[in-house]
């Protein structure tokens, strides 16, 4: 297996190449979790892994409560399948909370404040209510709990990590919060070893080829816990050694396709790039700074050609017409340009634009 093979296998296992899953929750469950701090981009991350999906399909899955947006790992927003929300939170958030203790002290947030905040949220959201972030912050302020600086943000995150709240259905452009236990049906409690094994299996089948260090970084688990999860399921996986590193993947990974120009327009924060601590198989080091310009931590949408990140793109709307502006790292071949036009047409259908222009 070569680094280029790694890229092609990841495209297949992440269901970017030849997608054949049917529903948004199947995509999210397959990957284990899907990074979602950019809401519009996250919807496209799901959509590009489904044949003929539209933005409305993803929004309907949110309204139908089959996928849920919350903070299960690394203190970062993800979409998870509703059936997975509780056991992922229970497994992964205690370590994140412990790692955030210093920031809590800086913000003068303690367990008493978190407990009081959760009481307020539980009372206000009871009975299926959904409140915007501004409403939630106002609720805290009226009770004498300051939301200045990042205090309000951390109180919301902590309430979600503790399993009290999750995101509901957006009100226009405003995100809303609701009670997790009212939003999704009860689910079984998992033993820790069982959860570690399941997460490792989801990760390596949905992201492989990947290393144990990739799993630990992606999940926020310690290496010890990541290895414990892998140990339970590695007999079900296939392994390959490349440059002294062991990569794990599903034995059902499709055979590598014959070479042909392929092009994909991936959103920022997509799992294809951010799902690994080592991204060198798909992104050349000299291009890495272009993906995260400045120091704001924002990842730009990427153009992926034959498995490699080969440029950036951005979208603009004028009425119902869509323009996609590409910024290539190197010149695109005529065959790649044709493939990119097909990728642009697919994105046009997803967002429901009447026409698309690629420049």
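The values are calculated or read from the model by the stated rules, or taken from the named source; none is laboratory data. What you see is a predicted model, and the numbers here were worked out from it, not measured in a lab. As a convention, Cβ positions derive from the backbone with ideal geometry for all residues, glycine included, and neighbour counts pool all protein chains shown.
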Are there any pairs, at least 6 apart or on different chains, whose C-beta atoms fall under 7 Å, with the first in the stretch 337-350 and outside the structural domain of residue 58 (by TED's automatic domain parsing) and the second at pLDDT 95 or above and assigned to a helix (DSSP H, G or I), and if so, which?
-> 350/44; 350/47; 350/55
Only one of these conditions is not met by residue 50: (1) modelled with pLDDT of 95 or more; (2) outside any loop (DSSP other than H, G, I, E, B); (3) buried (at least 20 other Cβ atoms within 10 Å of the Cβ). Which number is it?
-> (2)
Check 123, 127 and return the single one that is part of a loop (DSSP other than H, G, I, E, B) and either surrounded by fewer than 19 Cβ atoms within 10 Å (Cβ to Cβ) or not assigned by TED's automatic domain parsing to the domain that holds residue 31 (or both).
-> 127
Confirm whether residue 282 is in contact with a helix residue (DSSP H, G or I) (Cβ under 8 Å, 6 or more places away or on another chain), buried (at least 16 other Cβ atoms within 10 Å of the Cβ) and outside any loop (DSSP other than H, G, I, E, B).
-> no
Check residue 21 against each of (1) farther than 30 Å from residue 103 by Cβ; (2) not in a loop (DSSP other than H, G, I, E, B) and name the one condition it does not meet.
-> (2)
Per-region count, the stretch 219-275, residues in a loop (DSSP other than H, G, I, E, B), farther than 29 Å from residue 192 by Cα and at pLDDT 95 or above = 2
Mind counting the residues in the stretch 247-274 that are touching a strand residue (DSSP E or B) at 6+ places or on another chain (Cβ under 7 Å) and surrounded by fewer than 13 Cβ atoms within 10 Å (Cβ to Cβ)?
-> 1
